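The values are calculated or read from the model by the stated rules, or taken from the named source; none is laboratory data. This one's a predicted model, so the numbers in the text were calculated from it and none came from an experiment. Positions of Cβ are generated from backbone atoms using ideal geometry, with glycine treated the same way; all protein chains shown enter the neighbour counts. Calculation scope for accessible area: heavy atoms of the full protein, side chains included, ligands and nucleic acids excluded. Shrake-Rupley method; radii C 1.70, N 1.55, O 1.52, S 1.80 Å.
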Amino acid sequence: MAAPSKASVVLKAVRTITVRFCPFESNVRSTREFLAAVGSEKVRSTNMNCEVTSMVKHDRSEPVVDITYADGERLVMKGAQLTSREMLEAFQSRCIAKDLQGKAAAKK
């Protein structure tokens, strides 16, 4: 299953992204693909203040993506049961909603 285009990912409303996984587990593929999508130079250039961190641990832990938005809200996705497409779609829908909220607040 191919992930959505990296060009569609925008980090404008995001403060931090932390990706944690054990590389020796069989269920980390989607989490690694998500990290590759948000860690690309083109995507990171959409918000140079966004901190993308990967924590690779050998402790058989569940793969987790923890996103903190500029307004303080958090999105935690457990990658063991999600595809990279599902994770990117959830992430992007929240980013679009945050961007629309920011634009509405700026108009007031």
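Dipole magnitude of the chain about its Cα centre, charges +1 at Lys/Arg Cβ and -1 at Asp/Glu Cβ only, in debye to the nearest 20? Mind dumping the intermediate values first?
Working: 18 positive and 12 negative charges, 68 e Å.
Its charge dipole is roughly 320 debye.
Tell me the net charge near Pro23. Cut-off is 10 Å between Cβ atoms, Pro23 excluded, with +1 for each Lys or Arg and -1 for each Asp or Glu. Provide the component values of the computation, followed by the final result.
Values: positive: Arg32, Lys57; negative: Glu25.
Spelling it out: positives minus negatives among the neighbours equals +1.
How much mean residue ellipticity at 222 nm does the chain get from its helices, if each DSSP H run of length 4 or more adds -39500 (n - 2.57) and you divide by all residues, to the nearest 500 deg cm²/dmol?
Numbers: 3 runs with 39 residues, N = 108.
Value at 222 nm, helices only, nearest 500: -11500 deg cm²/dmol.
Report Arg74's accessible area, 1.4 Å probe, all protein chains in place, as a number in Å² to the nearest 10.
140 Å²
Compare Ile67, Ile96 by solvent-accessible area with a 1.4 Å probe and give them largest first, with all protein chains kept in place. Each step should come with its number before you reach the end.
Numbers: Ile67 0, Ile96 95 Å².
Heavy-atom accessible area, descending, gives Ile96, Ile67.
Please report the relative contact order for the chain, taking Cα pairs under 8 Å with a sequence separation of at least 6, and give it as a percent rounded to a whole number. Don't skip to the answer; put the middle values down first.
On the way: 173 pairs, mean separation 39.3, N = 108.
Rounded, it is 36 percent for the chain.
Go ahead and run the numbers for FRET between Ser61 and Ser93, Cβ-Cβ distance against an R0 of 22 Å, rounding to 0.05.
On the way: r = 27 Å, r/R0 = 1.21.
The formula returns an efficiency of 0.25 here.
Please report the accessible area of Met48 (heavy atoms, 1.4 Å probe, ligands and nucleic acids excluded) in Å², nearest 10.
Counting only protein heavy atoms, Met48 exposes about 140 Å² to solvent.
For the chain, take the longest principal axis of its alpha carbons; what is the angle in degrees between that and the long axis of helix 29-39, to the nearest 10 within 0 to 90?
That works out to roughly 40 degrees.
With a 1.4 Å probe and all protein chains kept in place, how do Asp66, Asp99 rank by accessible area, largest first? Walk me through the numbers on the way to the answer.
Details: Asp66 20, Asp99 45 Å².
My answer, sorted largest first, is Asp99, Asp66.
So for the chain: antiparallel DSSP bridges make up what percent, rounded to the nearest 5?
Working: 11 of 17 bridges.
In the chain, DSSP labels about 65 percent of beta bridges as antiparallel.
Roughly how many Å² of Val52 are accessible to a 1.4 Å probe, to the nearest 10?
Using a 1.4 Å probe on the heavy atoms, I get roughly 30 Å².
Using a 1.4 Å probe over the heavy atoms of the protein chains, calculate the carbon and sulfur portion of the accessible area of the chain as a whole percent.
Details: 3370 of 6500 Å².
It is 52 percent, rounded to a whole number.
Using the heavy atoms of the protein chains and a 1.4 angstrom probe, tell me the accessible area per residue for region 10-101 in square angstrom.
On the way: 5150 Å² over 92 residues.
Per residue, region 10-101 has 56 Å² of solvent-accessible surface.
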